[in-house]
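Everything below concerns the one structure shown next.
The values are calculated or read from the model by the stated rules, or taken from the named source; none is laboratory data. Because the structure is a prediction, the values reported are computed rather than measured. Don't worry about glycine lacking a Cβ; one is built from the backbone with ideal geometry, like all the others, and counts go over all protein chains shown.
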């Protein structure tokens, strides 16, 4: 949903959205399960900077509630997560604060986001808030033993606990690097 300054010049925009699973791409290890409810309001804040210069800021106040699955950091099994958070954000037009050279910013300025082309995508703001709310690393259980053997068993973390000949299923996160090993062997010849 695009929230534009043009529609906010008329009146506040009430938000009562149900974002379906799969509509927002979070990260490789975060999946939305079921609808994500977004309730709140978007409004225009006109910032008078003097000399007739007015900047149109978008204020977004909302609550989001939804269910997610996040991959366990050890075994990659999905771990259920619930996100329920409220936020109050300010977005400014991109480039309006740009000054040549380096300069210090205030703590308040670190809380400001930017929008382009006269509007803000609600999904971008929601994605950011979900990722900020979820833990950076999650375990399915405190005693998680890590990857699963090809025969379905979970070994301990110590090598001596592995039976002779047992193979650990490859971690799918390394799949993208699989071709690099072959490339380095070719270059070494």
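Taking each residue of the range 1-20 that is in a strand (DSSP E or B) and looking for partners that are at pLDDT below 85 with beta-carbon atoms closer than 7 Å, six or more apart or interchain, yields 4/118; 13/7. Only residues that are in a strand (DSSP E or B) and touching a helix residue (DSSP H, G or I) at 6+ places or on another chain (Cβ under 8 Å) were counted in the range 63-83, giving 4. Going through (1) touching a helix residue (DSSP H, G or I) at 6+ places or on another chain (Cβ under 8 Å); (2) modelled with pLDDT under 95 one by one, residue 100 falls short only on (1). Within the range 21-31, if we keep just the residues that are part of a strand (DSSP E or B) and touching a helix residue (DSSP H, G or I) at 6+ places or on another chain (Cβ under 8 Å), the residue that is modelled with the highest pLDDT turns out to be 30. Against the definition (buried (at least 18 other Cβ atoms within 10 Å of the Cβ), within 22 Å of residue 127 (Cβ to Cβ), touching a strand residue (DSSP E or B) at 6+ places or on another chain (Cβ under 6 Å) and at pLDDT below 95), how does residue 36 come out, yes or no? Answer is no for this residue.
State yes or no: is residue 42 part of a loop (DSSP other than H, G, I, E, B) and modelled with pLDDT of 85 or more? Taking the combined requirement at face value, the residue does not satisfy it.
Any residue that is outside the structural domain of residue 171 (by TED's automatic domain parsing), surrounded by 15 or more Cβ atoms within 10 Å (Cβ to Cβ), more than 20 Å from the chain's Cα centre (by Cα) and farther than 30 Å from residue 172 by Cβ - is there at least one of those in the range 69-89? No, there is no match, as no residue in the range 69-89 is outside the structural domain of residue 171 (by TED's automatic domain parsing), surrounded by 15 or more Cβ atoms within 10 Å (Cβ to Cβ), more than 20 Å from the chain's Cα centre (by Cα) and farther than 30 Å from residue 172 by Cβ.
Looking only at the range 13-23, which residues are more than 15 Å from residue 130 (Cα to Cα) and loosely packed, with under 13 Cβ neighbours inside 10 Å? Listed by number, the residues that qualify are 14, 16.
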